[in-house]
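Have a look at the structure below, then the notes.
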Amino acid sequence: MYDGGIYRSNELLEMIEDVGGVVLQKTRSAQMFTVTMSIPGEDKEAMEKMCTAIGGMVRSVPLAGTEIAVVGPTLGRHHMPHPICDIAEVLRQSGAITVVMGLARGRGKATSQISMQEMDIINEYDAAVFVLGNFKSCVEAKKHLFEKIKVPVILVSGPMPDGMEDSCEAVVSGVGRKSERMRTPDERKKLEEISERVEDVLRTRKRTIEEDPLFVHPAEIKQLLEEYEPIKESLRPAPMVLHLDGLRLKVPMKENAGEISEMVVYGRKLGDIARISESRIDDSSMIIRIMTMSEVKDRDGNA
Amino acid sequence: MEIEVTGADTFGNEAYKKLFEGLMSEVGKAISLEKVNIVLDPARPLFIFTLVLRSRPESKKISDAVSLRTEGKEVHLTITDENYAPEILSALWKMYGRDNVDQQTRFDIKIENGDDEAIGETVIASGEDAKQEIIGAMWRVLPEGIKARYNISEDRTITIAATEEIMTQELKDIAFEVHNKVKGDANV
């Protein structure tokens, strides 16, 4: 990730293109500019030189190209903003796009619930980090909140709960409810541990995807859609967000799905090699899930 | 402030102690607490928070938050505790009308034909308000899902018992027992 000023940033963008790299995310705030990019390993050194020459800094962001939901029992002041926002912040520093989500009825040991819609929304992300409280028995009793979630779940709790092996991919204990920012050295270390566990889980997920690769990499679809007028004109901060297996496009499904599914990638219509659906959050965004090679072959065989 | 936490979950005990200290400091009430007893039983679930205040919360008068002086027919007030500025202004407006209360600067107020004694004795915050603020802060410390609550407030001692479903007489009796014990220990 390049983090620096806007000065001479066009040279940086040209160089990314020249080395055959891709811009995953580009954010400009006044004179500050951050670019999350994916470039070939052999060009890393040259890219670092270029970033330093134009007065910026470059660092490796292992969670780039992912979107992660950080979920709390509710959005009430008991759970927000700490530690949920601290966790979301540390994941953003590692390159992920994060959203913070509170369940409507996630509080209470005996009364906590998760709705089907909430599960569907969480399943749109690459992974979900569930942040629960201070009592072992309460954390264990709330297992049902995430055991049916299909995407990888990382549980962050106070005490270490028992019996979570089949319900989530990783558990980080020692956090719990907090009334202030996690800023002591021990707490910063804990946040780094959470970020590392998320990286481990997503690395495993990437390996699983590589076993049956996607027909096209999400970044290539992103490049294709960059010239699409409604996305170019979108004023939302990140109109396209990369996922491990597709993208989130922040344009309405009804008006755009037809045109997008007709776009051609490697001689195939996008609609034929990806599943395009409306986001469960609202009708102003859509989800593209790219099919794997075997799925496309299977589809061709059946046609 | 002396805090005693009882409960089977060691992590929870320590975490709630920190949470309580943090939230009470945040709302500026930590200094007014002498003793705190916290009973945490998440298995039941039953949470009992008992506080002993350093002194009985008393009503706050205008003279406690301003310095007053009289010059001829004019009464001049200088606000010394800005937290009470809205209450002071609103009380003065009520007594003398907006036109007769002249707020010259952020802290200085002048009143024509005012009675400094009557102004000084006007109550701007009752002791009950202070107690309610402390109870509000205790509710913030309690787990969010533990909604069935029962308050016992007596002189300097306040107890809140909370459970998730029905607040039975048995749970209330336990709360009373803890309340009386803490009250007795503190010689209230």
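The values are calculated or read from the model by the stated rules, or taken from the named source; none is laboratory data. This structure is a prediction, so every number in the text was calculated from the model and none was measured. Positions of Cβ are backbone-derived with ideal geometry, glycine not excepted, and every protein chain shown enters the neighbour counts.
Within region A:110-144, count every residue that is of a type in the set (S, T, N, Q) and more than 14 Å from every other protein chain (Cβ to nearest Cβ).
The first filter runs over region A:110-144 and keeps only residues of a type in the set (S, T, N, Q), leaving A:111-113, A:115, A:117, A:123, A:134, A:137.
When the remaining residues are screened for being more than 14 Å from every other protein chain (Cβ to nearest Cβ), the result is A:115, A:117, A:123.
Matching residues across region A:110-144 total 3.
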Legend entry - Every residue from region A:229-249 that is crowded, with 19+ Cβ neighbours inside 10 Å and without any contact (Cβ under 8 Å) to a residue 40 or more places away in the chain: A:Pro239, A:Met240, A:Leu249
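Taking region A:67-82, which residues are assigned to a loop (DSSP other than H, G, I, E, B) and either of a type outside the set (S, T, N, Q) or away from chain B (no Cβ under 14 Å) (or both)?
We begin by selecting, within region A:67-82, every residue assigned to a loop (DSSP other than H, G, I, E, B); these are A:73-82.
Those that are assigned to a loop (DSSP other than H, G, I, E, B) and either of a type outside the set (S, T, N, Q) or away from chain B (no Cβ under 14 Å) (or both): A:Pro73, A:Leu75, A:Gly76, A:Arg77, A:His78, A:His79, A:Met80, A:Pro81, A:His82.
Just to check your reading of the model, which residue among A:Ser29, A:Ser94 is among the polar types (S, T, N, Q), free of Cβ contacts under 8 Å to residues at least 24 places away in the same chain and more than 14 Å from chain B (Cβ to nearest Cβ)? Spell out the reasoning first.
Working: A:Ser94 fails: free of Cβ contacts under 8 Å to residues at least 24 places away in the same chain.
None of the other options fit; the residue is A:Ser29.
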Legend entry - Any hit, region B:42-59, residues being surrounded by fewer than 19 Cβ atoms within 10 Å (Cβ to Cβ), closer than 25 Å to A:Gly108 by Cα and in contact (Cβ under 8 Å) with a residue 12 or more places away in the chain: yes
Inset, instruction - Output the number of residues of region B:86-124 satisfying the condition of being over 15 Å from B:Val66 (Cα atoms) and in contact (Cβ under 8 Å) with a residue 60 or more places away in the chain. - result: 0
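Can you spot a residue in region A:252-267 that is outside any strand (DSSP E or B) and in contact (Cβ under 8 Å) with a residue 40 or more places away in the chain? Steps first, please.
Step one: of region A:252-267, the residues outside any strand (DSSP E or B) are A:252-263, A:266-267.
Cutting the leftovers down to in contact (Cβ under 8 Å) with a residue 40 or more places away in the chain gives us A:266.
Taking every residue of region A:252-267 in turn, at least one turns out to be outside any strand (DSSP E or B) and in contact (Cβ under 8 Å) with a residue 40 or more places away in the chain.
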Legend entry - The listed residue being modelled with pLDDT of 95 or more and surrounded by fewer than 21 Cβ atoms within 10 Å (Cβ to Cβ), out of A:Val129, A:Val100, A:Val172: A:Val100
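In region B:138-188, which residues are in a loop (DSSP other than H, G, I, E, B) and among the β-branched types (Val, Ile, Thr)?
Taking region B:138-188 as the starting set, the residues that turn out to be in a loop (DSSP other than H, G, I, E, B) are B:142-147, B:155-156, B:164-168, B:186-188.
Scanning region B:138-188 gives B:Ile146, B:Ile166, B:Thr168, B:Val188.
Within region B:16-30, is there a residue that is assigned to a strand (DSSP E or B) and away from every other protein chain (no Cβ under 12 Å)? Show your work before the answer.
Step one: of region B:16-30, the residues assigned to a strand (DSSP E or B) are none.
No: zero hits.
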Legend entry - Residue that is farthest from the other protein chains (Cβ to nearest Cβ) [pool: residues in region A:157-186 that are farther than 23 Å from B:Phe47 by Cα and among the aliphatic types (A, V, I, L, M)]: A:Ala170
Inset, instruction - Keeping to region A:111-126, report how many residues are crowded, with 18+ Cβ neighbours inside 10 Å and small (Gly, Ala, Ser). - result: 1
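Listed residues B:Asn13, B:Asn83; which is of a type in the set (S, T, N, Q), within 14 Å of another protein chain (Cβ to nearest Cβ) and either crowded, with 17+ Cβ neighbours inside 10 Å or free of Cβ contacts under 8 Å to residues at least 40 places away in the same chain (or both)?
Numbers: B:Asn83 fails: within 14 Å of another protein chain (Cβ to nearest Cβ).
When all the criteria are applied, what remains is B:Asn13.
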Inset, instruction - Quick one: A:Thr184 ticks every box in (1) among the hydroxyl-bearing types (Ser, Thr, Tyr); (2) farther than 30 Å from B:Arg140 by Cα; (3) without any contact (Cβ under 8 Å) to a residue 24 or more places away in the chain except a single one, so which number is it? - result: (2)
Legend entry - Meets criteria (crowded, with 19+ Cβ neighbours inside 10 Å and either touching a residue at least 40 places away in the same chain (Cβ under 8 Å) or of a type in the set (Lys, Arg) (or both)) for A:Val198: yes
Legend entry - Matching residues, region B:1-10, being among the acidic types (Asp, Glu) and within 9 Å of chain A (Cβ to nearest Cβ): B:Asp9
Inset, instruction - Run B:Gly114 past the list (1) outside any helix (DSSP H, G or I); (2) at pLDDT 90 or above; (3) more than 29 Å from B:Lys18 (Cβ to Cβ) and report the number of the one that doesn't hold. - result: (2)
Inset, instruction - Tell me which residues, restricted to region A:1-20, are exposed (fewer than 13 other Cβ atoms within 10 Å of the Cβ) and among the polar types (S, T, N, Q). - result: A:Asn10
Inset, instruction - For region A:25-35, state whether one or more residues are among the aromatic types (Phe, Trp, Tyr), modelled with pLDDT under 95 and either in contact with a strand residue (DSSP E or B) (Cβ under 6 Å, 6 or more places away or on another chain) or crowded, with 16+ Cβ neighbours inside 10 Å (or both). - result: yes
